[in-house]
Amino acid sequence: MSSAEIPKRKPLFQYGIYIPLICFIIFSVIDVVNGDPKDWANYVLSNLLVIALGYQMFFMGLLHVFFGKTMAGYIGWETGSPFQFEVGIAGMAIGALGILCTWFTGEFWLAAIIAASIFMWGCSLGHLRDMIRKKNYNPGSAGYVFYWDMLMPVAMIVLYSLTA
């Protein structure tokens, strides 16, 4: 399956990635409006960790594990690599850390941010290398995912420093 076929045949792969971002924005606005305005950074960071990191990474991991061929096409990877399963498991693990931030705070949040940042910046470097070496500009490699992997850790680190 070529990457050009995916948007026509699999709209969830084209637009589904934005669902956690939309939920993060909606829940953050609701929390800031209904909560104490001076705690805005805590509300935003909490939603960023649980929704935008936790649920998004967990479900992206599931997609890599159970729909590997489709995900490979979306990213521009060759299908059949056993490493895709490993990326999926790592994504699910980091997603679980984010979801657990619902119940654990403080240094647990810092540990989740560190693990996620290393993984996401590593992924963005891999995508950048793929863009340079293989001219891979598929949406799952050079689009939203690339920028998300670069900027999400920055947002988490800045917000954590504002709440610590």
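Values as computed for the structure displayed
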{"read-out": "Among residues of segment 68-90, those that are assigned to a loop (DSSP other than H, G, I, E, B), farther than 16 Å from K135 by Cα and in contact with a helix residue (DSSP H, G or I) (Cβ under 6 Å, 6 or more places away or on another chain), counted", "value": "1"}
{"read-out": "Unmet criterion (only one of (1) modelled with pLDDT under 90; (2) closer than 18 Å to G54 by Cα; (3) not small (G, A, S)) for M71", "value": "(2)"}
{"read-out": "Identity of the residue in segment 85-95, touching a residue at least 12 places away in the same chain (Cβ under 8 Å) and surrounded by fewer than 20 Cβ atoms within 10 Å (Cβ to Cβ), that ends up farthest from G140 (Cα to Cα)", "value": "A93"}
{"read-out": "Verdict on M156 being buried (at least 21 other Cβ atoms within 10 Å of the Cβ) and in a helix (DSSP H, G or I)", "value": "yes"}
{"read-out": "Subset of segment 23-67 (residues that are more than 21 Å from D130 (Cα to Cα), assigned to a helix (DSSP H, G or I) and of a type in the set (G, A, S))", "value": "S28, A41, S46, A52, G54"}
{"read-out": "Within segment 118-136, tally of residues that are outside any helix (DSSP H, G or I) and in contact (Cβ under 8 Å) with a residue 40 or more places away in the chain", "value": "1"}
{"read-out": "Some residue of segment 137-145 being of a type in the set (S, T, Y), under 19 Å from Y18 (Cα atoms) and part of a helix (DSSP H, G or I)", "value": "yes"}
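The values are calculated or read from the model by the stated rules, or taken from the named source; none is laboratory data. Just so you know, these numbers come straight off a predicted model, no measurement behind them. Cβ sites come from the backbone with ideal geometry, for glycine too, and all protein chains shown count toward neighbours.
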